[in-house]
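This report concerns only the one structure given below.
The values are calculated or read from the model by the stated rules, or taken from the named source; none is laboratory data. Since the structure is predicted, the reported quantities are computational estimates derived from the model, not experimental observations. Reconstructed Cβ throughout: ideal geometry from the backbone, glycine too, with neighbour counts over all protein chains shown. With ligands, DNA and RNA removed, areas are computed over all heavy atoms of the protein, side chains included. Shrake-Rupley method; radii C 1.70, N 1.55, O 1.52, S 1.80 Å.
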Amino acid sequence: MASSSSSVRVNNKAATAAPSPPAATATAAAASSSSTAPAAAASSSAPVPSLGDLIGHQLRQLKLEELHYKDELQLLLLLTPVQRQKLNRETDGDGDTVAASTSAPLSRPEYGGEEDDDLIGAVGGLSISSPTPPTTTTTITTKEPLLDFRTHVLKWFQHLRHQTGHFKSEEESRRLREAGNDSYRKEKHPLKASDLFTEAIFLAPARNTLAAALAHANRSLVLYDCGLYAESYDDCLCALDLGYPEEYLPLIKLRQAACALKLRNFALCEEHLHELLHIELNQVFETRTHELWHQCEVLKVERFEMAVQTGDDLETNDMKAFEIAWLDNTSSLHSTRALARNALIFESEAVAMVPSGNCRVCDYCGITQFIPFPCIYCSNRLVVYCSRQCRFKHAAIHSVECHGHQIELFESFGEVFGMPRLLQLALRMLITGLPELLAHCRKKPTLSKLWSAINGALLERQDIGYSSVLRLERLREEHTSETLIALALAAHILAIYLSKCTNFFDQLEKSLPSASRMSNAEWELLCAALLMRHISQLRHRSLTHCRSFVLPADPHVFSPLNEFQLWAAPMRLQEGHLHLLAGEVAVVAYAVYPETLSLCRHSCSSTICSKFSGRKMTALALLDLPAGSGIYNCFASGNYQQLPQVERTKQLKEHGITCHCTACQLSHTDDQFHKFHRYRCDNPKCMEIFTPHNLPHAPNLRWWLSEEYTQPEYNGAELIVCPHCGEAQKLEWFWSFNTSLIDCELIEERCKLYAAIERAETQLMELHECKVALARLLLEQCLMVHREGATVLDDWEFNKLGSIMRAVLPGVMAQYGGQSIEYVKYFAYFWDVMALSNYKCNDRELMQMLNALEFIADEFKDIFINYYEDFIAPKFAEESYGSVVDTQV
């Protein structure tokens, strides 16, 4: 399980493409790190307890079997005795608020040391200070549950603030800006210059906005030359907002007018030209202003209305394709009419979404291919937007999260929980929906009345979006576990963050039609209880992994610092570079779809194919569905053809799901999985076909991915044994392949690789997964040496590579389906071979590949179509061409 780092994939390639398990569990490492009791006394210089220490100490002091509660609020009251005492005092005092020392806003810390203006919260983000002086002991000595847990949490926040890495540097930003200028003017490489200016924006300190303003202004010029006029215009606005020098104002205004003209926004163009007329301009700027004015007038005259087909002759059906059924608080979806294969069933937008950290993702709309506009206050590179408009739309949420990003709060949860983004997603569900819900409260609420309403009348409201989130099913645990309590404590920590580091509770008060009688302590408990509920929902089946293409994880294949080399122009790749963009698939975001995908029942043989494009999810039918049939989704990381039943059952158990689907009820339930892992015994006296069992370090039979089996010292070891004759398989083709792959730039070694692939054909049966893995490795390395100029592949070798990849694509389709992103991932290699050579497939295969593009994100579909038009279509447009005969080594 890979936790998200503070750097996105373009800067940290360590994240793997394997999807993270969805359940957040407390790690054993965190428990062991906090198993030693803290010292009874400590000096003022004693270290601040880590998150693992705080949670681990609480867990040690609690007797889980004695915790009796009926809902999340009662659990939080049991875990927070100080809050319970405050509430009791408030009840005795006729609802007065708690003491000022606990509810008054906190100022910035002043415990010595230089203050860092980079960590001042942006739009609504507030800084914090610990309510205790620094001389107070920081060790935990009580044997009871921590009465001062809140105090230690605040000190932990303070500690995070001071240890946050400061990668921003005015000098480094200036150096990169100058490098971008050189790249643009001398090297004539605008895309490289754009990347350098982007990096200069990231590195510009928040306390010196001029550095960021200059970088934005420089990048706007480059983007204009690249034809990205909307992004160039946004950069101009950013430069002006950040204090661009007034003496250069005509330059920015001229560029804004030019961008508006290119975007055919004539009113905006004229507005900027009018502004220029009121500025004293030199002759060059004055001439350029009149030229733009003339062009604007000409284009306004030449405008004409294009005839658009009304679509009346198209077959349409506005009837909803599915309905929701509830039985014993369990939901299911059913089709309302007969649906053909690939028909649209439903589409919806995520109510909440967070980036995974595996690549750069717009924090609002979820796209991955864009020019980034970051928050200048955040101390990581995860919070970026594709436009100022997305940044504005996300401001209400980011104002609450900004300080958390500054102190890297969400990343810090990774030391205790395997998937910290789950906690951030729960927080977004809360801060997105709770203000909307409170607007429907009619009376002055108290904590108990509001909690009752949330679980009663408000829960059933169909006109409140947040109610659909609250109705989602939760993970029900038979016994109170340490994981559950650790997550409850994490929810409490996030609620403390909302109380002391943001003005979110003030926003909640403003959302109410009338003033409430609730104190900060009560808001804190309510938010912690709702966060706990959302965490339980996400641990069940509400968490959706949005998968898409990412750049290669291996820096030896492609350096992330050279991403600009991929592109010939925006959205148009260089010839032979498609596999670099689409050769890896990973989870790019986690999202919640409470009215569609989260309501589906589970089946290991899913009936829908989910397409993720930004925040939007589209579900298409995988097969013909009669009216009234169930709509099922697989909540394991693979279906019955991709994972054995034991592995699927293990994953589903973590979700609290028991599977009774048809695929799991068969007598030989793994037959469909085993057909992708069958071998022919290499013993000449046996030659029987078999599927290996009991591979201890490869439970999914993919031994070629396990370091335990692929190290050189295992060459010749008894890895796979034939059950018929008892002979260990030599697998000499695999060891030969691995050895020759190292020196792939030599023609002799490549010939050995081709020969090893052919020998593997005799032992690996038709649809074997290992064939696909070998073909991909071979093409990846051969294309790399060709791209880097270490060697130039001739037509014979390209024909060989094309035939090898073409031969394994049917196996990918059989296992993953022609509507899968995996199929697109592998044929990207095949398209690169066709682009670089005269190798061609037949028309039927080509149409199959083009149809598969309908099932990937729209932004990548456009890139694939552009690549097809640039390099593939011209080859098929030739009047005559002969079929290529595969050559043998």
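Annotations for the structure displayed:
- Matching residues, the range 750-770, being open to solvent by less than 30 Å² (accessible area, probe 1.4 Å) and in a helix (DSSP H, G or I): Arg750, Leu753, Tyr754, Ala755, Ala756, Ile757, Ala760, Gln763, Glu769, Cys770
- Subset of the range 336-356 (residues that are under 14 Å from Phe322 (Cα atoms), in contact with a strand residue (DSSP E or B) (Cβ under 7 Å, 6 or more places away or on another chain) and charged (D, E, K, R)): Glu347
- Selection within the range 609-624: residues that are over 21 Å from the mean Cα position of the chain (by Cα) and open to solvent by 10 Å² or more (accessible area, probe 1.4 Å). The member of this set that is farthest from Leu643 (Cα to Cα) is Asp624.
- Unmet criterion (only one of (1) touching a strand residue (DSSP E or B) at 6+ places or on another chain (Cβ under 6 Å); (2) outside any helix (DSSP H, G or I); (3) closer than 25 Å to Gln641 by Cα) for Glu718: (3)
- Scan the range 413-447 for residues that are within 20 Å of Ile493 (Cβ to Cβ), open to solvent by 20 Å² or more (accessible area, probe 1.4 Å), at pLDDT below 90 and not acidic (Asp, Glu) and the total you get is 1.
- Cβ pairs under 6 Å, 6+ apart, first in the range 721-742 and open to solvent by less than 50 Å² (accessible area, probe 1.4 Å), second in a strand (DSSP E or B) and not aromatic (Phe, Trp, Tyr): Ala728/Val721
- In the set Ala553, Ala568, Ala586, only one residue is modelled with pLDDT under 95 and under 21 Å from Asp363 (Cβ atoms); that residue is Ala586.
- Every listed requirement among (1) hydrophobic (A, V, I, L, M, F, W, C); (2) closer than 22 Å to Leu767 by Cβ; (3) in contact with a Gly (Cβ under 7 Å, 6 or more places away or on another chain) is met by Val808 save one, (3).
- Hey, Leu276 within 30 Å of Ile201 (Cα to Cα), touching a Pro at 6+ places or on another chain (Cβ under 8 Å) and crowded, with 18+ Cβ neighbours inside 10 Å or not: yes
- The range 56-75 - residue that is modelled with pLDDT under 85 and in a loop (DSSP other than H, G, I, E, B) and, of those, farthest from Ala528 (Cα to Cα): Lys63
- Checked against the criterion of being within 20 Å of Asp862 (Cα to Cα) and surrounded by fewer than 17 Cβ atoms within 10 Å (Cβ to Cβ), the range 573-594 has at least one qualifying residue.
- Counted as qualifying within the range 489-595 are the strands (runs of 3 or more DSSP E) with 3 or more residues that are farther than 30 Å from Leu333 by Cα, namely 567-569.
- Criterion (in a helix (DSSP H, G or I), open to solvent by 30 Å² or more (accessible area, probe 1.4 Å) and on the phi < 0 side of the Ramachandran plot) met by exactly one of Ala215, Ala230, Ala257, Ala211: Ala230
This table checks each residue for (1) out of contact with any Asp or Glu (no Cβ under 9 Å at 6 or more places or on another chain); (2) open to solvent by 30 Å² or more (accessible area, probe 1.4 Å); (3) within 30 Å of Phe612 (Cβ to Cβ); (4) modelled with pLDDT of 95 or more.
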site: Leu809; (1), (2), (3), (4): no, no, yes, yes
site: Asp832; (1), (2), (3), (4): no, no, yes, yes
site: Asp862; (1), (2), (3), (4): yes, yes, yes, yes
site: Glu879; (1), (2), (3), (4): yes, yes, no, no
site: Ser883; (1), (2), (3), (4): yes, yes, no, no
site: Gln888; (1), (2), (3), (4): no, yes, no, no
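- Within the set Asn838, Asn866, Asn799, the sole residue that is open to solvent by 10 Å² or more (accessible area, probe 1.4 Å), more than 20 Å from Phe612 (Cβ to Cβ) and in contact with a strand residue (DSSP E or B) (Cβ under 8 Å, 6 or more places away or on another chain) turns out to be Asn866.
- In the range 613-631, the residues that are under 22 Å from Val351 (Cβ atoms) and in contact with a His (Cβ under 7 Å, 6 or more places away or on another chain): Ile631
- Qualifying positions in the range 182-201 - in contact with a helix residue (DSSP H, G or I) (Cβ under 8 Å, 6 or more places away or on another chain), open to solvent by 10 Å² or more (accessible area, probe 1.4 Å), over 19 Å from Arg255 (Cα atoms) and part of a helix (DSSP H, G or I): Lys192, Asp195, Leu196, Glu199
- Subset of the range 456-487 that is open to solvent by 20 Å² or more (accessible area, probe 1.4 Å) and under 22 Å from Lys510 (Cα atoms) - its residue that is modelled with the lowest pLDDT: Ala457
- Number of residues in the range 652-679 that are touching a Leu at 6+ places or on another chain (Cβ under 8 Å), surrounded by 16 or more Cβ atoms within 10 Å (Cβ to Cβ) and over 25 Å from Cys722 (Cβ atoms): the value is 3.
- Inter-residue pairs, beta-carbon under 6 Å, first over 15 Å from Pro435 (Cα atoms) and assigned to a loop (DSSP other than H, G, I, E, B) and in the range 446-470, second open to solvent by 10 Å² or more (accessible area, probe 1.4 Å) and of a type outside the set (Gly, Ala, Ser), 6+ apart: Thr446/Arg517
- Lone unmet requirement of (1) open to solvent by 20 Å² or more (accessible area, probe 1.4 Å); (2) touching a Leu at 6+ places or on another chain (Cβ under 8 Å) for Lys510: (2)
- Search result, residues across the range 855-873 that are free of Cβ contacts under 8 Å to residues at least 40 places away in the same chain, over 13 Å from Phe827 (Cβ atoms) and in contact with a helix residue (DSSP H, G or I) (Cβ under 8 Å, 6 or more places away or on another chain): Lys861, Ile865
- A search for C-beta distances below 8 Å between a residue of the range 154-180 that is free of Cβ contacts under 8 Å to residues at least 24 places away in the same chain and any residue that is open to solvent by less than 70 Å² (accessible area, probe 1.4 Å), counting only pairs 6+ apart in sequence or on different chains, returns Ala179/Leu196.
- Residue check for Asn694: of a type outside the set (Phe, Trp, Tyr) and open to solvent by less than 70 Å² (accessible area, probe 1.4 Å): no
- Number of residues in the range 363-388 that are in contact with a helix residue (DSSP H, G or I) (Cβ under 8 Å, 6 or more places away or on another chain) and either aliphatic (A, V, I, L, M) or assigned to a helix (DSSP H, G or I) (or both): the value is 6.
- Hey, Ile324 open to solvent by 40 Å² or more (accessible area, probe 1.4 Å) and either on the phi > 0 side of the Ramachandran plot or at pLDDT 90 or above (or both) or not: no
- Tallying residues that are assigned to a loop (DSSP other than H, G, I, E, B) and modelled with pLDDT of 90 or more within the range 662-674 yields 1.
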